[in-house]
Amino acid sequence: MPTPDAVPKECMPSGPNPTGIEAYKPAEIARRIQAAGVDKVGLGMVQMTALSLLAGAFIAFGAAFYTGVMTGVDAGFGPARLLGGAAFSLGLILVVVGGAELFTGNALMVMAWVDRRIGTAAMLRAWLIVYLGNLAGALGMAVLVSLSGTLDGPAGALAVSIAEAKMALSPLEAFVRGILCNALVCLAVWLTFAAQSVAGKILAILWPITAFVALGYEHSVANMYLIPVGLLNGAEGGLAGLVANLVPVTLGNIIGGAGGVALSYWAAYRRSAVEAGADTASGNVTDG
């Protein structure tokens, strides 16, 4: 996913913020995210694969933390869902602050694509490599957690219950929950690009991620861990149930992130700049 690190000089704050808040303005955030998208398609196969494996493992850590926190608690109890969501936020904090490539956050690459700064083939290649790497990282964590013995007893029963509930969703429910989930995830990433400190990035992540978990939305990479770990502990549904969940959730995540957030902010902050010719120096591509 885009990481708010080194960016071109033109993407730095344009001057003192009259609000007194140490944050990049929305138009500057849009430029930074677009620059990050350009950088991403240039990553080598080894680096992109390694970072995507890490992201899958990081999200799995957050999901495992969530499972531990929710064990023995009524999952329908509002304050408990709030606490569980905060625990799950660990995953995206590790991705953003530690540095990793997350499929759902990479939906924001569409901002660079729509300006023709990256090509369709290059973007889809990055999405595919990162998606498969996230899957491998999450599956590896599911196996390790299952072998660790920490899911013996009530925690294992909860893991089974979570997996079966996800596989019981209808395709439409999974799809719509995927849209809503990644709108919040990409908004969290968007906000991290506004922050100028690690503490600011963590706070930017906390509430949007807590919200999507507490509201019961569906995150494809989280499900790459939560469903397999449930299956390994006795959940019914098998590989068919995993695929039946991941396909609509993944499509929903793409629409919620790429369309709901990336294209909306592009229309608000980048379209006018492109039409005015402000980005002509950056060069255009048509494919690759």
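The values are calculated or read from the model by the stated rules, or taken from the named source; none is laboratory data. Here the structure is a predicted model, which means the values were calculated and not measured. Virtual Cβ from ideal backbone geometry, glycine too; neighbours counted across all protein chains shown.
Values for this structure:
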| quantity | calculated |
| --- | --- |
| Residue check for Ile227: at pLDDT 95 or above, out of contact with any Phe, Trp or Tyr (no Cβ under 6 Å at 6 or more places or on another chain), over 20 Å from Gly56 (Cα atoms) and of a type in the set (A, V, I, L, M, F, W, C) | no |
| Residue among Ile209, Ile254, Ile205 that is surrounded by fewer than 24 Cβ atoms within 10 Å (Cβ to Cβ) and either hydroxyl-bearing (Ser, Thr, Tyr) or within 14 Å of the chain's Cα centre (by Cα) (or both) | Ile254 |
| Matching residues in segment 233-246 - criterion: being touching a residue at least 24 places away in the same chain (Cβ under 8 Å) and either assigned to a helix (DSSP H, G or I) or touching a Phe, Trp or Tyr at 6+ places or on another chain (Cβ under 8 Å) (or both) | Gly241, Leu242, Ala244, Asn245, Leu246 |
| Candidates Gly37, Gly72, filtered to the one that is in contact (Cβ under 8 Å) with a residue 60 or more places away in the chain and surrounded by fewer than 21 Cβ atoms within 10 Å (Cβ to Cβ) | Gly72 |
| Residue satisfying all of: in segment 266-288; of a type in the set (D, E, K, R) and in a loop (DSSP other than H, G, I, E, B); modelled with the lowest pLDDT among these | Asp287 |
| Any hit, segment 109-121, residues being modelled with pLDDT of 95 or more, part of a helix (DSSP H, G or I), surrounded by fewer than 23 Cβ atoms within 10 Å (Cβ to Cβ) and of a type in the set (Gly, Ala, Ser) | yes |
| Hey, Gly153 at pLDDT below 95 and in contact with a Ser or Thr (Cβ under 9 Å, 6 or more places away or on another chain) or not | yes |
| Among the residues listed as Leu263, Leu251, the single one being under 26 Å from Leu128 (Cα atoms), at pLDDT 95 or above, of a type in the set (A, V, I, L, M, F, W, C) and part of a helix (DSSP H, G or I) | Leu251 |
| In segment 171-195, the residues that are modelled with pLDDT of 95 or more and either among the acidic types (Asp, Glu) or in contact with a strand residue (DSSP E or B) (Cβ under 6 Å, 6 or more places away or on another chain) (or both) | Glu173 |
| Filter result for Ala80 (more than 24 Å from Val143 (Cβ to Cβ) and modelled with pLDDT under 90) | no |
| Sole residue being within 14 Å of the chain's Cα centre (by Cα) and either of a type in the set (A, V, I, L, M, F, W, C) or outside any helix (DSSP H, G or I) (or both), chosen from Val145, Val95 | Val95 |
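Residue by residue, here is whether (1) surrounded by 19 or more Cβ atoms within 10 Å (Cβ to Cβ); (2) modelled with pLDDT under 95; (3) in contact with a Leu (Cβ under 8 Å, 6 or more places away or on another chain) holds:
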residue	(1), (2), (3)
Val95	yes, no, yes
Leu135	yes, no, no
Ala138	yes, no, no
Leu147	no, no, no
